[in-house]
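What follows is a short report on a single structure.
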Amino acid sequence: MAYLDMNSGTLVANASETERAGFIRRTYLHLGGAIAAYAALTTLLIQSGVAKPLMQLMQGSMWSWVIVMALFMGASYFADKWAHSAISKEMQYAGLGMYVAAFSLISTPLIYGALNFAPNPNVLPSAALLTLMLAGGITFTAFTTRKNFSFLAPFITVGSFIALGVILASMLFGFTLGLVFFGIMIVFAGAVMLYQTSQMIHEYHTDQHVGASLGLFSSVGLMFWYIVQFMMSLTGND
């Protein structure tokens with residue numbers, strides 16, 4: 001959940017049309033930059049030969065994956081807090097950069113597996129296209145309805161704990177997370193993105209574009225993560 005700090009900017013909902021348009025433009029430019037940086041870093045990790053050892057480490061034992069998840073959650077917490085900090089722009093960018101780097105590290109084994117072991121070589125481009133279409137539809141819905149979806153916050157919090165519990169249970173008891181779980185998580189990621197976009201429109205200040213872009217990037221990344229797994233499972237490789 002986004003950490004909103006004290007800011008000097010005008011609340012976006014109360015800003016002039018020019019200020020609001022500028023904030024939205026800066027937010028999506030930063031989102032595009034974060035996605036480009038993620039793609040570049042993930043490509044670098046794969047081409048450098050780091051991806052295979054990372055995959056072997058995460059698949060080596062249950063506790064390896066638990067530790068990786070715990071580290072990612074810790075990095076996500078601090079990245080989100082820094083990206084919403086009113087102390088300095090440098091800290092905000094450090095938070096965004098930290099999250100992009102952490103997400104790249106944790107998702108590189110998945111991307112490597114999709115590239116090298118998925119029966120269908122089009123899994124990644126198909127997943128990217130589907131993510132783009134879903135994200136575009138959710139964004140269009142949020143901007144055209146102008147509805148405040150803050151009421152989704154408790155459902156997202158509870159859903160996050162349930163999802164984490166199911167993932168940990170699958171590790172402990174050895175059952176496989178299949179199509180149904182991945183499908184539910186895609187819907188959940190869509191709800192998170194709808195909430196984050198609504199927050200950007202209604203709750204953020206005009207100087208919080210870095211934090212807003214991190215919130216959107218995290219939801220898009222979550223959606224992409226589960227769409228890739230859904231499509232790999234669908235083609236017979238989970």
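Just a few scattered comments:
- With R₀ fixed at 35 Å, the C-beta to C-beta distance from Tyr28 to Leu168 puts the FRET efficiency at about 0.50.
- Distance in nm between pseudo-label sites at Lys89 and Leu11 (7 Å out along the Cβ direction from Cα): 2.6 nm
- Matching the structure-derived volume of the Cα convex hull per residue in Å³ against the labelled list (i) 118; (ii) 147; (iii) 129 gives the label (i).
- Degrees between helix 209-234 axis and first principal axis of the chain (Cα, 0 to 90, nearest 10): 30 degrees
- Taking all protein chains into account, the per residue accessible area for the range 74-228 stands at 43 Å² (1.4 Å probe).
- Ranked by the mean number of other Cβ atoms within 10 Å of their residues, highest first, the peptides 218-228, 67-77, 129-139 come out as 218-228, 129-139, 67-77.
- Percent carbon-and-sulfur accessible area, the chain, ignoring ligands, DNA and RNA, probe 1.4 Å: 71 percent
- Three-way shape label, the range 68-190, alpha-carbon gyration tensor, a/c 1.5: rounded
- Annotation for Gln56 and Glu203: the two label points, set 7 Å from Cα along the Cα-Cβ direction, are 4.4 nm apart.
- Dipole magnitude (debye, nearest 20) for the chain, charges at Cβ of Lys, Arg, Asp, Glu: 180 debye
- Nearest-0.05 FRET efficiency for Asn116 and Ser150, computed from C-beta distance (R0 30 Å): 0.10
- From helices alone, the chain scores -27500 deg cm²/dmol at 222 nm; the rule is -39500 (n - 2.57) for each run of n ≥ 4 DSSP H residues, then divide by the residue total.
- Nitroxide proxy distance, nm - points 7 Å out along Cα→Cβ at Lys81 and Leu132: 3.7 nm
- On full extension, the segment bounded by Val66 and Phe161 gains 32.7 nm, given 0.36 nm per residue less the C-alpha separation.
- Computed from Cα atoms, the angle from the helix 17-47 axis to the main principal axis of the chain rounds to 20 degrees.
The values are calculated or read from the model by the stated rules, or taken from the named source; none is laboratory data. None of the values given here were measured: they were computed from a predicted structure. Reconstructed Cβ throughout: ideal geometry from the backbone, glycine too, with neighbour counts over all protein chains shown. Note: accessible area is taken over every heavy atom of the protein model, side chains too, but ligands, DNA and RNA are not part of it. Shrake-Rupley method; radii C 1.70, N 1.55, O 1.52, S 1.80 Å.
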